[in-house]
Amino acid sequence: MKLTYTLFVCLAIVTMPVAAQRRGDAGAFPESRPEKEKTMFPEIRAMHEMVGGGNNFVVEAGLRILRAGGNAVDAGVAAVLAAAVTEEDHFSMGGEMPALIKMNGQPVQVISGVGTAPAKATIEFFKNRPLEPWETADRKAPIPSQGILATTTPGMLTAKCWRLRSSAP
């Protein structure tokens, strides 16, 4: 229950900067920039926290989690969720996300975050599968290198849930 609530709060905080940007009130200190230097990605500044990201939405999502009392892992999850929504040209929710987490006084935790094969993707299935349009009978790979049969079940959201669970006190 706590994990579901935490994920919901992260998603809510991730979407707030996007809504604020659409209203036109997002971005820290926009008045500090001369008119000719204004950009569609305003600077986000903080006095006591630090979050790096590809755009202001990613940074703002991470900072909001830190300001609300979250830790670095919580902020990282929020930032990646924001990036998955705002940086579709780089990656998306369907991707993979390996992670190393080191909390104070605890050993390093490794989260694979890579996708798993679907349940029906057995050796027998691939031995008897039909040819793909680009294949011939004498040039048939055991598993195609492209197309839907080459994909895995996305592991990014599962990895995010594990990250949140691993950082819980």
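Where a number appears in this text, it was derived from the coordinates with a stated rule and is not lab data. All of these numbers come straight from a predicted model, not from anything done at the bench. Virtual Cβ from ideal backbone geometry, glycine too; neighbours counted across all protein chains shown.
Compared with the alpha-carbon gap, the fully stretched path from T136 to N71 is longer by 18.0 nm at 0.36 nm per residue.
Compared with the direct C-alpha span, the chain from K102 to H90 gains 1.7 nm at full extension, assuming 0.36 nm per residue.
Modelled spin labels at T151 and A46, positioned 7 Å past Cα toward Cβ, are 3.4 nm from each other.
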